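A short reminder: the numbers here are calculations on the coordinates, not readings from a lab. These figures come from a predicted structure and were not determined experimentally. Positions of Cβ are backbone-derived with ideal geometry, glycine not excepted, and every protein chain shown enters the neighbour counts.
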Amino acid sequence: MEIFRTIAEYRDWRKALPSGRSVGFVPTMGALHAGHMRLASESRSADSDTVVSIFVNPLQFGPSEDFSRYPRPFEADAKLCSEAGVAAILAPEAADFYPADFSTYVEVAGLDKYLCGASRPGHFRGVTTVVLKLFHIVQPHRAWFGQKDIQQALILKKMVRDMSLDLDLRIVPTVREDSGLALSSRNVYLNPDEKTRATALSKALFTAKSAWEKGERSAAALTNGMRREIEASSPTRIDYIEAVSQASLAPIDTLDGPAVLALAVFYGKTRLIDNVLLG
Ligand code: PAF
């Protein structure tokens with residue numbers, strides 16, 4: 001497995017790949033877990049060479065967020081990638097990736113107004129900017145993202161379409177612990193008690209999903225039920241619990257088309273997100 005620390009080194013490798021080979025790409029910020037490895041494994045089954053990027057992107061963190069304490073276990077990440085048959089890791093230094101006078105940003109207007117976009121201003125502009133730049137560098141045929149970050153995945157899908165990027169963006173179902181807790185690099189921040197309480201998130205989502213399967217279409221009925229179940233787990237703060245349209249991510253009153261139930265909830269200082277797709 002190759003490890004590239006500069007864009008130039010990666011580009012030399014990419015140019016030397018025989019033309020018949022296809023490249024699958026899994027962008028990450030490291031602290032890899034089984035969810036990332038599932039993306040890598042899907043990519044490996046679809047493409048001949050899988051590239052994983054590991055880059056904690058300063059542009060997508062707000063001033064009071066966890067950029068400096070975000071976990072960076074590079075050796076462990078590289079071992080996981082190597083065992084998973086990844087062809088190359090691109091782990092650029094921030095100074096190589098963003099020149100000191102960097103001033104070009106990409107914004108997908110509209111979809112970033114809701115859910116996490118409302119509570120993390122500038123976050124999605126940071127994500128779309130870094131991912132577009134990574135796509136240009138990596139030159140993938142396919143790129144793989146997890147459903148846990150559904151808003152990110154749908155915004156990036158729209159960017160691919162709006163900018164006529166020549167790649168196929170795939171969304172892979174969330175990987176969960178046996179308790180139902182969605183895997184996330186931020187779960188390492190949770191103490192054992194918070195981790196147990198946080199299982200209320202997936203339980204509330206699955207209860208709402210089964211009510212929807214039985215015919216409940218009222219957003220208020222579904223989200224109020226979720227709120228009650230989550231409040232019983234003594235969260236530190238509920239950021240949002242919402243029913244939104246899959247197409248626009250705007251809040252809806254009635255679930256009469258493809259919808260998402262999505263939430264962001266704090267346990268201690270850790271903000272967790274999760275969702276289910278309906279229809
Ligand atoms: O999902 C993530 O880990 C990040 O938002 C991404 C897509 C790697 C961009 O920094």
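Here are a few things to note about the model shown:
- Distance distribution note for the chain: the fraction of Cα pairs above 33 angstrom is 22%.
- Only one residue of PHE266, LEU278, THR254 has its Cα farthest out toward the positive end of the dipole of the range 231-279, where Lys and Arg carry +1 and Asp and Glu -1 on Cβ, and that residue is PHE266.
- When the chain is treated as a GNM with alpha-carbon contacts under 10 Å, the residue of GLU242, GLU194, GLU83 showing the greatest mean-square fluctuation is GLU83.
- Rg/Rh (Cα only; Kirkwood hydrodynamic radius) as it applies to the range 37-115: 1.03
- Flagged links, alpha-carbon separation over 21 Å, of LYS15/LYS79; LYS195/LYS269; LYS157/LYS209; LYS148/LYS203; LYS113/LYS269: LYS15/LYS79; LYS157/LYS209; LYS113/LYS269
- Centroid-to-centroid separation of the range 3-70 and the range 239-261 [C-alpha atoms, Å]: 30 Å
- With Cα atoms, 0 to 90° folded angle of helix 34-46 axis to the chain main axis: 60 degrees
- Additional length obtainable on full extension of the chain from ALA232 to THR254, 0.36 nm per residue less Cα span: 5.4 nm
- With contacts taken as Cα pairs under 8 Å and at least 6 residues apart, the chain reaches a relative contact order of 18 percent.
- Dividing the Cα radius of gyration of the range 201-279 by its Kirkwood radius returns 0.96 for Rg/Rh.
- Within a Gaussian network of the chain (alpha carbon springs, distance under 10 Å), most fluctuating of ARG197, ARG72, ARG21: ARG21
- Among ASP253, ASP12, ASP149, the largest mean-square fluctuation in a Gaussian network model of the chain (Cα springs under 10 Å) belongs to ASP12.
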